[in-house]
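Each value in this text was obtained by applying a stated rule to the coordinates, not by laboratory testing. What you see is a predicted model, and the numbers here were worked out from it, not measured in a lab. Using ideal geometry, Cβ is built from the backbone for each residue, glycine included, and neighbour counts are taken over all protein chains shown.
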Amino acid sequence: MVPENLVVEEVEDHNPSVVKVLKVKILGVTEDTIQFIVQGIDAAFANSLRRTILSEVPSMVIEDIFYFDNSSVIPDEVLAHRIGLIPLKTDLDNYVLPEKCDCNAELGCPKCRVTLNLNVEAGEEIHSVYSGDIKSVDPSVVPVSPNIMLAKLAPDQAIKFEAYAQLNKGKTHSKYSPVSMAIFQNIAEISVEDQSLAMKCVEEAPKGVIYEAEKIKVINVQAFSKSQTCRSLLGTKPLIDFMKKDEYVFTIESTGALSPIRIVTEAVKILTEKLHELRKKIDAGEIHDEIELFETPTEVGRRLYAIGAGDFDEEDEEGGEEEGKGPVYEE
């Protein structure tokens, strides 16, 4: 059961007198999508959460393939590329990242890898090979969809291989990202005194707005804009004038590797650990040296020379531009 309203614990700032409270309201959850509102954050924090979801939450993907037979018309490397992009259901509780495993093996061990096999041979007719033909030694790590086309085999052709799947992160390669979409946008809030008008707006744009405490909250700009009643609530002002700077709506769509709730939960956990580590380093004074500003080259005249462009005068008396030449730059 997913709670409709979830209030995150209070988080104290460096200033003990300042207490920030994040409020989270879940708008809807399906098998592959979650949409929720976060109040009490700024754009920087919202983007940090989005980037953590994209690049830090690990998922299981096939990384190494050993072919025993590939007599199809598809080259080994092209077929391997297709197979590597198949999303796999991921078990984060029973597997660890290769760099955190104590096996130190190139191909991993049962604690950090899953073995999958494919053994398909066409008979006298053309045979289609799908992701569902890939068999895993672990029933919890299998292709998300069994209907992804991999190849077509002519009579007597075959594809046989053994593959190893491992956990990794989207910052290493986008194929490891557990989401196909992760976006956020500002919430627009419009005060409405006429309740009947507000309810008509909700009726015309049920997926675009929500009504609470005599206020219309816009969570989908496109759906809101399609309703004439909703647009009339703006008066003569543009919608951007009603945007709140501390409230955002997130839409996260999973590839199927992990449930959308698990993706968000893992992202929050990872981001929290990173922020705690950063605070410890700041408190201990373990920060990098100050970065010096880059000195840009200064322009001399209006000449531009490239290496090997030919002979040119070191200086131009007038500092102007010679025929066929542009500005000169010097350090």
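Tabulated data for the structure shown
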item	result
Prolate/oblate/rounded call for the range 207-285, Cα gyration tensor, a/c under 1.5 rounded	oblate
Per DSSP, loop trypsin sites (Lys or Arg not before Pro) in the range 144-195 with at most 15 further Cβ within 10 Å	Lys171
Extension gain (nm, one decimal) between Glu277 and Lys135, 0.36 nm per residue minus Cα-Cα	47.1 nm
Distance violations [Cα-Cα > 28 Å] among Lys25/Lys200; Lys111/Lys281; Lys207/Lys245	Lys111/Lys281
Residues in the range 60-98 that a label on Arg262 would reach, taking backbone N under 12 Å of a point 7 Å out along Cα→Cβ	60, 88-95
Estimated inter-spin distance, Lys152 and Ile183, nm [label 7 Å along Cα→Cβ]	3.5 nm
Protection proxy ranking, peptides 202-210, 114-122, average beta carbon neighbours within 10 Å, highest first	114-122, 202-210
Separation of the His81 and Lys171 label points, Cα + 7 Å toward Cβ, nm	2.7 nm
Simple label model, 7 Å out from Cα along Cβ direction - Ser128 to Leu197, nm	5.5 nm
Relative pair counts by distance (%), Cα atoms of the range 54-191, 5 Å bins	2, 10, 18, 20, 17, 12, 8, 5, 3, 2, 2, 1, 1, 0, 0
Sites Ile26 and Asp246 - FRET efficiency at Förster radius 25 Å, r taken between beta-carbons, to 0.05	0.85
Gained length - Ala284 relative to Val144, 0.36 nm times residue gap less alpha-carbon distance	45.9 nm
